[in-house]
Amino acid sequence: MKETLMPGIESEFTFKIPCSKTVPALYRESEEFQMMPEVFATGFMVGFLEWACIRAVNPHLDWPAEQTVGTHIDASHISATPPGFEVTAKVKLLEVDGRRLLFEVTAHDGVDTIATGRHERFIINKEKFDSKMKDKIARKKAG
């Protein structure tokens, strides 16, 4: 990580919600989800908040050798958003504790605040992480 990675980094990220990011698209295999309203799914909203945090810190990492992975999210999804709306996430890096990063996150859809919360990420070495996943797969196959 670079010396510029420090608390106080702020970033905004905007994304137009397509139909493919609504509740029925979350799990096509789920009959229940297929019957639910076509609004921005909480699962996709979490991914959007993660994306915003990733974009905020990537310039301060040795990207792509260093990356971040999400480890915790505590966010409230407080307003529904139909497809076609643009959502904007605002993120602020609150803490840098070694490889642990803590963000404050909010999102707005141009009409309402749709999310507020905190998100934790950890800095990883991509090569080492991938190696651990290959080992995990091998252990699973070995039974």
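Every number here is computed from the coordinates shown, using simple stated rules; none is lab data. Because the structure is a prediction, the values reported are computed rather than measured. Virtual Cβ from ideal backbone geometry, glycine too; neighbours counted across all protein chains shown.
Listed values (1) 14.2, 44; (2) 17.1, 53; (3) 17.7, 56 include one computed from this model; for Rg and Dmax of the Cα atoms in Å that value carries the label (2). Computed about its Cα centre, the charge dipole of the chain is approximately 740 debye, with only Lys, Arg, Asp and Glu carrying charge at their Cβ. The value of relative contact order for the chain, using C-alpha pairs under 8 Å at least six residues apart, is 27 percent. Here the convex hull built on the C-alpha positions of the stretch 75-122 has a volume of 67 cubic angstrom per residue. Loop-located trypsin sites (Lys or Arg not before Pro) in the stretch 1-31 (DSSP state not H, G, I, E or B) with no more than 12 neighbouring Cβ atoms inside 10 Å: Lys2, Arg28. The residue among Val57, Thr22, Gly84 whose Cα reaches farthest toward the positive pole of the charge dipole of the stretch 1-95, with charges on the beta-carbon of Lys, Arg, Asp and Glu, is Gly84.
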